[in-house]
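Step one of this worksheet: look at the structure below.
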Amino acid sequence: MGRPRKKNYWKMFSTLVIIAAVLYVGYRVVPLFTKKKIETPSTTDTQKTTPLPVVTTGTSDKTIKENKDTYTIDITYPVLSGLSKEILGKANTSIKGAMDTLVSDFKTNSVPEEGVLVSEKSTLDVTYNKTIVQTSTTLTVLFAVSDYFSGAAHPNNYTLPVTVSKTTGLKMTTKDFFKSDSNFLSVLSAKAIPLLKKKLGADFSSDGAEPTTDNYANVYTTDTAVMVLYDPCRVAACAAGVITIEIPRSQLQAILR
């Protein structure tokens, strides 16, 4: 009867040794993997929590006001904040420069012809959209412009986008968004015309969408699209006002800077 008792003893002892070994491995090894997982955040998570710099309007706007015998000027434009001091100074100078150009052009065009009696004053009124359109590298202020020249049938109302680089503070024009050898005007025109036909139907005028610098002077970008603005009378009847189309960035990715 003693032999079976001895065999059961060794069987029980072996089982206890195996259980102890399993517990030891679980205690020493599993925490290593758990610790590594917690302490090593992914690059994606880090990027998601890093905000891009956002430019805003400052504490007060600037104005340009003149009231002369033959014309009046009333312009409001923003003071920007949110960039480094050096870049910010250039950006605000760029915005002011765009307004100065409007004033200069208006004064040139508002001079009455010799011998013509001025019955009413010419006017230039400019305000801006408080929401600045921004990407990681650019900011765009949208100005609402209304100019009227004495003797005209009605004022001319249009939207002027002024885009500034966040890295240089300098004003950007349409060509600055695209690679220099990309023939971007032809590409823009080819992408824009089908969208204009769909939007305007029989009212579409193709001359205003041809690939010229004047036709594509008012362009800016968002994170998802290239926005093209056509002044009144350019691609449709004047009564239609400003016509805006949106070309997805994915369709222009090959030629964008």
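A short reminder: the numbers here are calculations on the coordinates, not readings from a lab. Computed from a prediction, not measured in an experiment: that's the story for all the values here. Methodologically, a virtual Cβ is constructed for each residue, glycine included, from the backbone with ideal geometry; neighbour enumeration extends over all protein chains shown.
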Item to check | Sequence-distant aspartates and glutamates (8 or more away, or on other chains) whose Cα lies within less than 12 Å of LYS62 | outcome: ASP74
Item to check | Rg(Cα)/(2.2 N^0.38 Å) for region 118-257, N = residue count | outcome: 1.12
Next on the checklist: Quick check: from the Cα gyration tensor, does region 53-172 come out rounded (a/c under 1.5), prolate or oblate?
Outcome noted: prolate
Checklist entry - So for region 175-257, Kirkwood radius off the Cα pairs, Stokes-Einstein at 4 °C and 1.567 mPa s: how many µm² s⁻¹? => result 101 µm²/s
Checklist entry - So, in Å, what gap is there between the alpha-carbon centers of region 65-106 and region 128-177? => result 11 Å
Checklist entry - So if R0 is 25 Å, what FRET efficiency would THR127 and HIS154 give, r being the distance between their Cβ atoms, rounded to the nearest 0.05? => result 0.85
Checklist entry - Which value, in debye to the nearest 20, describes the size of the charge dipole of region 53-172 about its Cα centre when Lys and Arg Cβ atoms bear +1, Asp and Glu Cβ atoms bear -1, and nothing else is charged? => result 680 debye
Checklist entry - So what is the relative contact order for region 175-257, in percent, with contacts set as C-alpha pairs under 8 Å and at least six apart? => result 30 percent
Checklist entry - What full-extension length gain, to one decimal in nm, is calculated for CYS238 and THR101 as 0.36 nm per residue of separation minus the Cα-Cα distance? => result 46.9 nm
Checklist entry - In what sequence do ASP100, ASP147 fall when counting other Cβ within 10 Å, fewest first? => result ASP100, ASP147
